[in-house]
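S.K.: What follows is a structure written as structure tokens; I'll ask about it next.
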Amino acid sequence: MTTARIVVVEDDASVAELVTLYLRNAGFIVEHAPSGARARALFDEVKPALVVLDLGLPDANGIDLLKELRARADTPVIALTARAEDAERVAGLDAGMDDYLTKPFNPRELVSRVKAILRRTSGMPGTGRVLEIGNVRVDPQRHEVRVADTVVSLRAKEFELLEAFCRQPGIVLTRDKLLEDVWGFAYPGETRTVDVHVKQLRDKLVGADAKIETVWGVGYKLVPPG
Ligand code: CA
């Protein structure tokens, strides 16, 4: 495995220095962007494996920057937030952040979260057999989904969510279980994120004969055809 590049977007010099130091010691190549403008340039230049993004930047709205990044690539993002505000966290999860830490945080904790996400998203080859439920075909190795032989373009989280459903067809999966399996962390009470992504997934699976059904008060299940 080549050394992963990480872009750290953080205007607070002392936090940036600390994070950079710990990530470098863990073996990552780190590029620092002290502003939103510099971050945009670095995303294109570095093509990072992961982004650590401070949501409170002087020249940019962190959530907007996150959405912008998401629109371009599926690069995982760990957000740093100064406030433990629900609204910002929920907005961040909806915009596609993979994890977050509230300041002040332990840099060791950040390093272990970074490693966990990279393990999850690097898609260990050979682990995923093709899943077929009705006319829905999920190929984890090629990261490809087809509905009735037509390729469907999904974002990383939508793909993982569909994969989780296809691994357990007919079984009710609770929102908490899906949060943990797909997002890799349990944020009790932030299950609305699951609802948002399920809706997006349903919208994209046009023509699928396997349906993601809502089980009221519990969660969701994938119902095979017939
Ligand atoms: Ca800041």
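S.K.: List pairs: first residue in the range 204-226 and within 12 Å of Glu132 (Cβ to Cβ) and in contact (Cβ under 8 Å) with a residue 12 or more places away in the chain, second residue open to solvent by 70 Å² or more (accessible area, probe 1.4 Å) and outside any loop (DSSP other than H, G, I, E, B) anywhere in the structure, Cβ distance under 6 angstrom, at least six positions apart or on different chains.
M.R.: Every condition considered, no pair remains.
S.K.: Does any residue of the range 34-47 turn out to be polar (S, T, N, Q) and farther than 12 Å from Val7 by Cα?
M.R.: no
S.K.: Moving on. I need a count of the residues in the range 69-84 that are out of contact with any strand residue (DSSP E or B) (no Cβ under 8 Å at 6 or more places or on another chain) and within 14 Å of the ligand (Cβ to nearest atom).
M.R.: Of the residues in that region, 0 qualify.
S.K.: Quick one: would you say Arg40 is open to solvent by 70 Å² or more (accessible area, probe 1.4 Å) and free of Cβ contacts under 8 Å to residues at least 12 places away in the same chain?
M.R.: So Arg40 does not fit the description; no.
S.K.: Right, next: For the range 135-217, which helices (runs of 4 or more DSSP H) that fit wholly inside it have 2 or more residues that are crowded, with 21+ Cβ neighbours inside 10 Å?
M.R.: 156-167, 192-204
S.K.: While we're looking at this one, here's another question. When you check Val152 against the structure, is it without any contact (Cβ under 8 Å) to a residue 24 or more places away in the chain and more than 13 Å from the chain's Cα centre (by Cα), yes or no?
M.R.: no
S.K.: To continue, here is another question. More than 18 Å from Ala116 (Cβ to Cβ), crowded, with 21+ Cβ neighbours inside 10 Å, within 14 Å of the ligand (Cβ to nearest atom) and in the same structural domain as Ala79 (by TED's automatic domain parsing): does that describe Asp54?
M.R.: The answer is yes for Asp54.
S.K.: Out of the range 1-24, which residues are touching a residue at least 12 places away in the same chain (Cβ under 8 Å), away from the ligand (no atom under 13 Å from the Cβ) and in a helix (DSSP H, G or I)?
M.R.: Across the range 1-24, the qualifying residues are Leu18, Thr20, Leu21, Tyr22, Leu23.
S.K.: Could you list, in sequence order, all residues of the range 25-48 that are aliphatic (A, V, I, L, M) and either touching a helix residue (DSSP H, G or I) at 6+ places or on another chain (Cβ under 6 Å) or within 16 Å of the ligand (Cβ to nearest atom) (or both)?
M.R.: Once the filter is applied, which keeps residues that are aliphatic (A, V, I, L, M) and either touching a helix residue (DSSP H, G or I) at 6+ places or on another chain (Cβ under 6 Å) or within 16 Å of the ligand (Cβ to nearest atom) (or both), the range 25-48 yields Ala26, Val30, Ala33, Ala37, Ala39.
S.K.: Here's a follow-up. What residue, of Val114, Val90, is under 21 Å from Ile29 (Cβ atoms), part of a helix (DSSP H, G or I), in contact with a helix residue (DSSP H, G or I) (Cβ under 8 Å, 6 or more places away or on another chain) and aliphatic (A, V, I, L, M)?
M.R.: Selected residue: Val114, the only one of Val114, Val90 that is under 21 Å from Ile29 (Cβ atoms), part of a helix (DSSP H, G or I), in contact with a helix residue (DSSP H, G or I) (Cβ under 8 Å, 6 or more places away or on another chain) and aliphatic (A, V, I, L, M).
The values are calculated or read from the model by the stated rules, or taken from the named source; none is laboratory data. Nothing here was measured: the structure is a model prediction, and the numbers come from that model. Reconstructed Cβ throughout: ideal geometry from the backbone, glycine too, with neighbour counts over all protein chains shown. Note: accessible area is taken over every heavy atom of the protein model, side chains too, but ligands, DNA and RNA are not part of it. Shrake-Rupley method; radii C 1.70, N 1.55, O 1.52, S 1.80 Å.
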